[in-house]
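Inspection log for the structure reproduced underneath, given as structure tokens.
We did not get these values from a lab; they are worked out from the coordinates using the rules stated. This structure is a prediction, so every number in the text was calculated from the model and none was measured. Here the Cβ positions follow ideal geometry from the backbone for every residue, glycine too, while neighbour counts run over all protein chains shown.
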Amino acid sequence: MRRGFHEPADKPRRFYKAVSVEPTPDGFEVRLDARTVRTPKGGRLALPTRALADQIAEEWARQGETIEVAGMHVMRLANTALEAVPAAREATADQVAQYAGSDLVCYYAEDPAQLVERQAAAWGPVLDWAEAELGLRFVRVSGIIHQPQPEETLARIRALALSLDDFRLAGLAFGSALFGSTLLAIAVLKGRLSGEEAFELSRVDEAFQEQKWGIDAEAAERTERLRGEAVMLERWFKALES
């Protein structure tokens, strides 16, 4: 299931005028006037790179009279990286491996032929890249009945996840859930795919159905929201390299 952000019923009012980024011994902090932004548990929001702090500052700066928490994706992912992941690295890596165990790009339709061809053209290169560049061999499945992936592959993915710092691990877990595919999330992490490219590959089936039956306004809105989250994830990983 893809993860989305849900907006609270009562939106807090904007209480600040200026937003800035300041370097500190612990990283880069975002300031709202003279106040340092803090995590939900009260810790200082210390970011590892200036680029990532700038992204969060942009989110705070573009708020209007009320604060739209649902749209502050970078801020919320940073909170996860700082407060949730450090105490749950093993569990987070397990979650990433679980998505890989039933990875979206491994499950091909049995019919119609047009859809099967689209899936093969979209997902085949990703699977080939994963095997050639990362040593990750996946079983390609026809139909929806679950088939286990090689234990060695899942162990490699879990080890890859645990080798990441907390911020990259948070991003990888977020992307695995967003795309329904750990492979697509890894491809964004490694720069093999853009966030938007990965998102489009994650919805080959949906796009095929939309072309056949059309799309309603609610579904279109959801698609654009999720696409925005995928673009944010690409920017997240790039900011960590800055």
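Dividing the convex hull volume of the alpha-carbon atoms in the stretch 37-122 by its residue count gives 168 Å³ per residue.
Taking only C-alpha pairs under 8 Å that are 6+ residues apart, what is the relative contact order of the chain in percent?
Normalised by residue count, the contact order of the chain is 21 percent.
Length gained on full extension, residue 110 to residue 165: 15.8 nm, using 0.36 nm per residue less the C-alpha separation. Distance between the modelled labels on residue 132 and residue 14, one decimal in nanometres: 4.9 nm (7 Å Cα→Cβ projection).
May I ask for the distance between the Cα centers of the stretch 18-41 and the stretch 192-234, given as a whole number of Å? Cα centroid to Cα centroid, the span is 34 Å.
For the stretch 19-84, the equivalent ellipsoid derived from the alpha-carbon gyration tensor has semi-axes of 17, 14, 11 Å in decreasing order. Does the stretch 88-241 classify as rounded, prolate or oblate by the C-alpha gyration tensor (a ≥ b ≥ c root eigenvalues; a/c under 1.5 gives rounded; else a/b over b/c gives prolate, otherwise oblate)? The shape class here is oblate. Packing, taken as the mean count of other beta carbons within 10 Å per residue, orders the peptides 16-26, 194-204 from highest to lowest as 194-204, 16-26.
Given charges of +1 on the Cβ of Lys and Arg and -1 on the Cβ of Asp and Glu, with all other atoms neutral, how large is the dipole of the chain about its Cα centre, in debye to the nearest 20?
Charge dipole, the chain, about its Cα centre: 760 debye, nearest 20.
Taken along the Cα-to-beta-carbon direction at a fixed 7 Å, the label points for residue 216 and residue 38 span 4.4 nm.
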